[in-house]
Amino acid sequence: MKRLLVGILFMCWVPHVNAEETLTPLTEPIVIESNEVFDGAGKTYTSCGHPAFILRGTGALLERVSVQQCESDRVPAVQVSGLGHQLIDVSIESSGTGLLIKNGYGVRVIRTSIQGNGQADGVVLLNSEASELRGVVAKEVRDGIYIENGFQHTIVRPVVSHSRYGIHLMFPTDVMISVPELHHNLTGAMIMGTNRVTFQNGNVHDQVGGTATGLMLYEAIDTTIEKTSIYGNHIGLYAEQSTGTTLEQNAINGNDIGFQLKQARGMMILQNNLLGNREPVTMVESSENIVQGNVWGDITLDLNGDGYSEVPFRTDPYLFLLTDSYEAFELLYGSPGLLLLKSILRSPKDVSLTDVSPQTYSPMWKWNGSVWNVGSILLLMIIWRFGRKRHEIV
Amino acid sequence: MSLWRMEWARSLRKRENYAFLLTWILTLVLLGGLGQALPIAADYTNISATLITVLGLLLPLFILLTTAIHWGQEQESKRLSLLSTFTYPKWKFIFIRFSSFLVTQVLVLLLAFFIASLVVGQSFTTWFILFVYATGLTIYATALGTLIGLFGRTRIRAMLLAFLMWVVLVLLWPTILVAMISWLPYGMQMNGMILALFVNGFDLMRIWASTTVSSPDVFGEVYLNWLNWMNRPIGSIVVWAILMAMSSVLLWFASKVAWRKTS
């Protein structure tokens, strides 16, 4: 009886694990034209040397499909152009670009996951407008989400890991990125040549490699980064030749360098928490910024009890200048002797970054003791006590 | 063994041990408390970095001064000359003093770390690396202080020499490196910095501790491969072997100086 039951259970189980049966090889792309709907019902399609799906025209819908590409493919797995298309619950295993949206308008991509091999990008938007990416998950691709030109894109809850850049923006305008989770990439987000990008409520942490940067801004204008946690990176936020950047209410903790600013002017750095970075900020040629109410982890003194220190926080460009000209001197970070060097290389006020009223902070202590701890202390005290006893030869 | 036991008892009875204990407890508790105010739980933050910096600043000074003054006093009171009449090898006597003082300081440090861990919640790895780092600094500073103390004939001279050595090896070290390394061709600067580490045991320990408690990318991309190697067990073994070798050489010089002065 027992064997019969086991046999029945085994027969029920076998069809579910045989994935080969649901694979549908494609000899040519499936083209979805205007207002057509393609519901894959969870099927997996394999394609070699051509895209698996092409969406064109207006208002096409592709949903509930999985795509597997051949290993050496360089073509995109799914290719989209036109207006108002939707992709919902699409899962892609690609060696080429996962999803390419070219010259699209109002394309919506919802709950799409892309697993790559690090050679090509996850989602690529070229010259497109008003696209909406919700819940895109990309892993082991080159750039998780790559956007070139175009404007008014919205990216909500993207999760990108183990890639080169989590999000890579090249010259788009008016991009809104909400609740991103970017980790274990070389750089969390690379924002370059953009205008009016907003990055909010994000989690950018534990980037890897020698550069390991959370967010990188290069020639970006009017970028807003707010309420984002950036931690465990080599550099939390790097901004170069960027103007009008607003950094507000971010938690930038536990990075080797919190902010690194180079020729970054007209910035507003307000109410950020920079506790726990080895160096909260290094900068050069980055004066004329509004800096107020940040927690820097430096000496504070609150005389009137308003929560803000009367002692300003001031950072000099000396360390940046030193390591920018001579990379070898990065080994000096954290050296006790820097206290002296800091005073020797002190810069005039007009080229330093000063927070006139940094927020105060207090240390916290809580009981962490255990029986083992207390026992060890007692044992050491006993050793000390008995070790002290006179033990002269004569 | 009975001589070692006698020296250790003498070392434990010294009152400065209480001052050391208090200093280390205060440093660890005050800075560690800031670490607990962080909104994230990262192992390597500026708190652990600051602890490495502060220990690297204070510990060499305290230990150098203590050992140098101690040996200066031994010479000033002619006790060293008296001891030289014993049929006991001088290197052995110096080593007994060195090791008994070292064990005492390790005991003081261990006690301070355990007491601080009652109210400061760092991971075991962080505590362990910090303790090992402090022990490494103590070994090197004790050996250096022994040589300085034997070199200076009086307490005041030994103290001044110890202070001067601390200023050069700790306080002025980055300034000296910046002044010298920036003259080297670009391609040689990194090698120059690495070479300089093996001249100064304090700096070697700082780099080793920072890399071990953090990650090899902590000093940027140029040192990534080298620090990756240092982060591996073989790297740590080599670093510690070099520290021990440097300390042994200093002690060997110290025994030579002692021999010259008492013969």
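In table form, for the structure just shown:
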| read-out | value |
| --- | --- |
| Looking only at region B:112-126, and only at residues there that are closer than 13 Å to residue B:51 by Cα and assigned to a helix (DSSP H, G or I), the one that is farthest from the other protein chains (Cβ to nearest Cβ) | B:126 |
| Filter pass, residue A:282 being part of a strand (DSSP E or B) and either within 14 Å of chain B (Cβ to nearest Cβ) or closer than 29 Å to residue A:331 by Cβ (or both) | yes |
| Complete set of residues in region B:55-64 that are over 18 Å from residue B:257 (Cβ atoms), buried (at least 23 other Cβ atoms within 10 Å of the Cβ) and either free of Cβ contacts under 8 Å to residues at least 12 places away in the same chain or hydrophobic (A, V, I, L, M, F, W, C) (or both) | B:55, B:59, B:63 |
| Residue in region B:195-207 that is of a type in the set (Phe, Trp, Tyr), in contact with a Leu (Cβ under 8 Å, 6 or more places away or on another chain) and within 14 Å of chain A (Cβ to nearest Cβ) present | yes |
| Search result, residues across region A:328-360 that are at the interface with another protein chain (Cβ under 9 Å from one of its Cβ atoms) and crowded, with 18+ Cβ neighbours inside 10 Å | A:328, A:329, A:330, A:331, A:332, A:333, A:334, A:335, A:336, A:337, A:338, A:341 |
| Any hit, region B:211-222, residues being buried (at least 22 other Cβ atoms within 10 Å of the Cβ), within 10 Å of chain A (Cβ to nearest Cβ), touching a residue at least 60 places away in the same chain (Cβ under 8 Å) and among the small types (Gly, Ala, Ser) | yes |
| Residues that are in contact with a Phe, Trp or Tyr (Cβ under 7 Å, 6 or more places away or on another chain) and under 15 Å from residue B:244 (Cα atoms), drawn from region B:123-142 | B:137, B:140, B:142 |
| Any chance residue A:61 is modelled with pLDDT of 90 or more, touching a strand residue (DSSP E or B) at 6+ places or on another chain (Cβ under 7 Å) and surrounded by fewer than 17 Cβ atoms within 10 Å (Cβ to Cβ) | no |
| Odd one out for residue A:62 among (1) farther than 18 Å from residue A:103 by Cβ; (2) in a strand (DSSP E or B); (3) under 32 Å from the mean Cα position of the chain (by Cα) | (1) |
| Pairs with Cβ under 6 Å, 6+ apart, first in region A:104-121 and more than 25 Å from residue A:185 (Cα to Cα), second surrounded by 17 or more Cβ atoms within 10 Å (Cβ to Cβ) and acidic (Asp, Glu) | A:105/A:129 |
| Neighbours by Cβ (under 8 Å, 6+ apart or cross-chain): first from region B:102-128, on the phi > 0 side of the Ramachandran plot and aliphatic (A, V, I, L, M); second crowded, with 23+ Cβ neighbours inside 10 Å and in a loop (DSSP other than H, G, I, E, B) | none |
| Check on residue A:319, modelled with pLDDT under 85, within 26 Å of the chain's Cα centre (by Cα) and under 30 Å from residue B:59 (Cα atoms) | yes |
| Output for region A:213-238, where each listed residue is out of contact with any Lys or Arg (no Cβ under 7 Å at 6 or more places or on another chain), over 13 Å from residue A:203 (Cα atoms) and of a type outside the set (S, T, N, Q) | A:216, A:217, A:218, A:219, A:220, A:221, A:234, A:235, A:238 |
| Qualifying positions in region B:1-33 - of a type in the set (D, E, K, R) and either crowded, with 18+ Cβ neighbours inside 10 Å or more than 8 Å from chain A (Cβ to nearest Cβ) (or both) | B:7, B:10, B:14, B:15, B:16 |
| Hey, residue A:276 part of a loop (DSSP other than H, G, I, E, B) and of a type in the set (Gly, Ala, Ser) or not | yes |
| Region A:205-254: number of residues that are within 13 Å of residue A:187 (Cα to Cα) and not in a strand (DSSP E or B) | 10 |
| Residue check, residue B:67 in contact (Cβ under 8 Å) with a residue 12 or more places away in the chain, more than 12 Å from chain A (Cβ to nearest Cβ) and among the polar types (S, T, N, Q) | yes |
| Residue A:311, sole failed condition from (1) at the interface with chain B (Cβ under 7 Å from one of its Cβ atoms); (2) assigned to a loop (DSSP other than H, G, I, E, B) | (1) |
| Residues that are within 30 Å of residue B:102 (Cα to Cα), within 7 Å of chain B (Cβ to nearest Cβ) and assigned to a loop (DSSP other than H, G, I, E, B), drawn from region A:361-392 | A:368, A:369, A:388, A:389, A:390, A:391, A:392 |
| Residue pairs meeting the criteria (Cβ under 9 Å; at least 6 apart or on separate chains; first at the interface with chain A (Cβ under 9 Å from one of its Cβ atoms), in region B:180-191; second exposed (fewer than 15 other Cβ atoms within 10 Å of the Cβ) and aliphatic (A, V, I, L, M)) | B:181/B:188 |
| Subset of region B:70-101 (residues that are outside any helix (DSSP H, G or I), hydroxyl-bearing (Ser, Thr, Tyr) and either within 12 Å of chain A (Cβ to nearest Cβ) or touching a residue at least 60 places away in the same chain (Cβ under 8 Å) (or both)) | B:84, B:88 |
| Cβ-Cβ under 7 Å pairs, at least 6 apart or on other chains, region A:238-264 side within 19 Å of residue A:197 (Cα to Cα) and within 14 Å of another protein chain (Cβ to nearest Cβ), far side of a type in the set (Lys, Arg) and surrounded by fewer than 24 Cβ atoms within 10 Å (Cβ to Cβ) | A:249/A:227; A:250/A:227 |
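Rundown of residues vs (1) part of a helix (DSSP H, G or I); (2) surrounded by fewer than 20 Cβ atoms within 10 Å (Cβ to Cβ); (3) more than 12 Å from chain A (Cβ to nearest Cβ), yes/no style:
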residue: B:135; (1), (2), (3): yes, yes, yes
residue: B:142; (1), (2), (3): yes, no, yes
residue: B:157; (1), (2), (3): yes, yes, yes
residue: B:169; (1), (2), (3): yes, no, no
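Let's see how each residue does on (1) of a type in the set (Val, Ile, Thr); (2) within 23 Å of residue A:238 (Cα to Cα):
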position: A:323; (1), (2): yes, yes
position: A:328; (1), (2): no, yes
position: A:332; (1), (2): no, yes
position: A:346; (1), (2): no, yes
position: A:356; (1), (2): yes, yes
position: A:360; (1), (2): yes, no
position: A:371; (1), (2): yes, no
position: A:374; (1), (2): yes, no
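The values are calculated or read from the model by the stated rules, or taken from the named source; none is laboratory data. Note that the structure is predicted; figures quoted are calculated from it, not measured. A quick note on method: Cβ atoms are made from the backbone with ideal geometry, for glycine too, and the neighbour counts reach across all protein chains shown.
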